[in-house]
Each structure stands twice: as structure tokens, then as C-alpha cells.
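Shown next, in C-alpha cells, is the structure this report addresses.
The values are calculated or read from the model by the stated rules, or taken from the named source; none is laboratory data. As the structure is a prediction and not an experimental result, all values here were calculated from the model. All Cβ positions, even for glycine, are placed from backbone atoms using ideal geometry, and neighbour counts span all protein chains on display. For the accessible areas, the whole protein counts, side chains as well, though only heavy atoms, and no ligand, DNA or RNA atoms are used. Shrake-Rupley method; radii C 1.70, N 1.55, O 1.52, S 1.80 Å.
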Amino acid sequence: MDQMFCFQCEQTAGCTACTGATGTCGKPSDTARLQDRLTGALIRLAGVAADKTELSNQVYDTLVDGLFVTVTNVD
């Protein structure tokens, strides 16, 4: 398993970041990397959506669900 650098949640080691094979929350490094990619995609989607006067339910639900999955990763 790879080393991680994860600072996605309130459980980060020493309030800085988790840097081992797994995070304080038990998340493996590959999950942290995938969540970073998802967060980047959500930022790009939000940038595109900002130019719209009204969001479709699908775009809104994708943004909310994606943020919920990445920010609240604690069981």
C-alpha cells in the first residue's frame, strides 16, 4: 500500500494530515486519492454550474452527494 497525504476530515493526525498507509479514520491511501480526484471534479463542475442561472436536480444532487461522501467520510 502507498503512503498517503490526507487532510480531508476532522480526524487528521495532529490536525495537520495523515501520512501513513492508512489514515486515523482507517481510510486507505487509494481511497484518499480517489476522494481528492472527486473533490477536484466537483470543483470543476461547480465552476461550470456557476455560469448557469438554474441548476438541474441532477447537477445539484451530484454536488451535494459528492461533497457529503468526501467531507463526511467517518462511519
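Pulled fully out, how much extra length does the chain show between Glu54 and Arg37, if you take 0.36 nm times their separation in residues and subtract their Cα-Cα distance?
Working it through step by step, the gained length comes to 3.6 nm.
Mind checking the angle between helix 57-71 and the chain's longest principal axis? C-alpha axes, 0 to 90 degrees, to the nearest 10.
Computed tilt is about 10 degrees.
With a 1.4 Å probe and every protein chain kept in, tell me what percent of the accessible surface of the chain is carbon plus sulfur.
With neighbouring chains kept in place, the figure for the chain is 59 percent.
Using only Cα atoms, find the angle between the long axis of helix 29-49 and the longest principal axis of the chain, and express it within 0 to 90 degrees, rounded to the nearest 10.
With rounding to tens, the tilt is 20 degrees.
Among (i) -0.44, -0.82; (ii) -0.45, -0.94; (iii) -0.40, -0.87, which one is log10 I(q)/I(0) by the Debye sum over Cα atoms at q = 0.13, 0.20 Å⁻¹ computed from these coordinates?
(i)
Are there trypsin sites (Lys or Arg not before Pro) in the chain that DSSP marks as loop and that have at most 14 other Cβ atoms within 10 Å, and which are they?
Here the trypsin sites (Lys or Arg not before Pro) that fit, given the DSSP loop and packing criteria, are Lys52.
With every protein chain kept in place and ligands, DNA and RNA left out, what is the accessible area per residue of the chain? Probe 1.4 Å, answer in Å².
Using a 1.4 Å probe on heavy atoms only, each residue of the chain averages 71 Å².
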